[in-house]
1. When each pair of different Cα atoms in segment 152-239 is counted once in the 1/r mean, what is the Kirkwood radius in angstroms, to one decimal?
2. So, counting K/R as plus one and D/E as minus one, what does the shell of residues with Cβ under 12 Å around Gln137 add up to?
3. At a 1.4 Å probe radius, which order do Thr148, Thr31 fall into by accessible area, largest first?
4. Within the set of other residues whose C-beta is less than 11 Å from the C-beta of Gln74, count the net charge using Lys and Arg as +1 and Asp and Glu as -1.
5. Relative contact order for the chain: what is it in percent, counting Cα pairs under 8 Å that are at least 6 residues apart?
6. Note the angle between two axes, namely the Cα long axis of helix 241-250 and the longest principal axis of the Cα atoms of the chain, as a number of degrees from 0 to 90, rounded to the nearest 10.
7. Loop only per DSSP, at most 13 neighbouring Cβ atoms within 10 Å: give me the trypsin sites (Lys or Arg not before Pro) in segment 44-87, ordered by residue number.
8. With r defined as the distance between the Cβ atoms of Asp128 and Lys54 and R0 fixed at 45 Å, what FRET efficiency is calculated, to the nearest 0.05?
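The values are calculated or read from the model by the stated rules, or taken from the named source; none is laboratory data. Everything numeric here is computed off the predicted structure, so don't read it as measured data. Note that each Cβ is placed from the backbone with ideal geometry, even for glycine, and that neighbours are counted across all protein chains shown. Heavy atoms of the whole protein, side chains included, go into the accessibility calculation; ligands, DNA and RNA do not. Shrake-Rupley method; radii C 1.70, N 1.55, O 1.52, S 1.80 Å.
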Amino acid sequence: MEHSIEIITSTRPDPGQIKAAILDFDGTLSTLRHGWEDVMEPLMVEMICGPDHKDDGTVRKSVQEYIKESTGIQTIHQMNWLARQVEHFHFHQERHDGWWYKNEYNTRLMKQVSQRIADVESGQKKPDDFLIAGARQFLQGLKDRGITIYIASGTDHRDVVREAEILKLSGDFALVRGAPEHMISCPKEAVIQMILQEKALQGPQLLLCGDGKVEIALGVKNQTCTLGVASLEGPRCGVNPEKRVRLIQAGAQAIVGDYLDPQVIYEYYGM
């Protein structure tokens, strides 16, 4: 059914079992960074090929496959992969480390993100124009059910905090954690471990929601409940078939494309 939920596993959490939810940010809630792949792909191809090599499709195909597989991880890991590919293909004589490539990528990406933020701040766009459909109501429903909400993102911490504020979501979260500046550290794993250890919760008491296989795999690893959000970030509703396949392969218990029918999510997860 459109806007509903696809149940992948028949195993349901017990009623009242889930006490906290950890959500990814970009693509799971926010679409401010929609199109980041269209920035990263040409950057990677450009940096690998250099000014003289004409790609026959080999480099671009490799880049496209990697981007699809790496959605959800800390950006520096993607840029470290790029640095290794520049070295491997040996087309471009100019070499840099992952942090240099990350800075270049962020500079290019922020041109379009900054414009979207400016549109919201000026009133030309509403915050909800950059949220997956139904996201605000879904979050409110979690809060109404006593679920504590955490955000964990591979995007730089200061950017996630700012963008949550721009979209008027900050008050919905007990904690927002993005990637630490100039550190290689997985914020998603860190938030899971913090909740398990400091909040004295067990894995099955957590619901992990995300549109990337990385966070879903982390949820499976830590025995949490998992919801795959196979979002289409352009229209902000409906199911992205490529994301759906990756999320199922990663171990998502259920799949949604948006939050327009939140009741079915609450019911399946016993909330």
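1. Numbers: mean 1/r = 0.0711 Å⁻¹.
Taking the inverse mean of 1/r over all distinct Cα pairs, segment 152-239 comes out at 14.1 Å.
2. Details: positive: Arg136, Lys143; negative: Asp128, Asp144, Asp172, Asp258, Asp261.
Residues close to Gln137 contribute a combined charge of -3.
3. Values: Thr148 55, Thr31 5 Å².
The most accessible residue leads, giving Thr148, Thr31.
4. 0
5. On the way: 478 pairs, mean separation 82.4, N = 271.
Computed over the chain, the figure is 30 percent.
6. For 241-250 against the chain, the angle is about 70 degrees.
7. Working: sites: Lys54, Arg60, Lys61, Lys68, Arg84; in loops: Lys54.
The qualifying sites are Lys54.
8. Values: r = 44 Å, r/R0 = 0.98.
After rounding, the FRET efficiency stands at 0.55.
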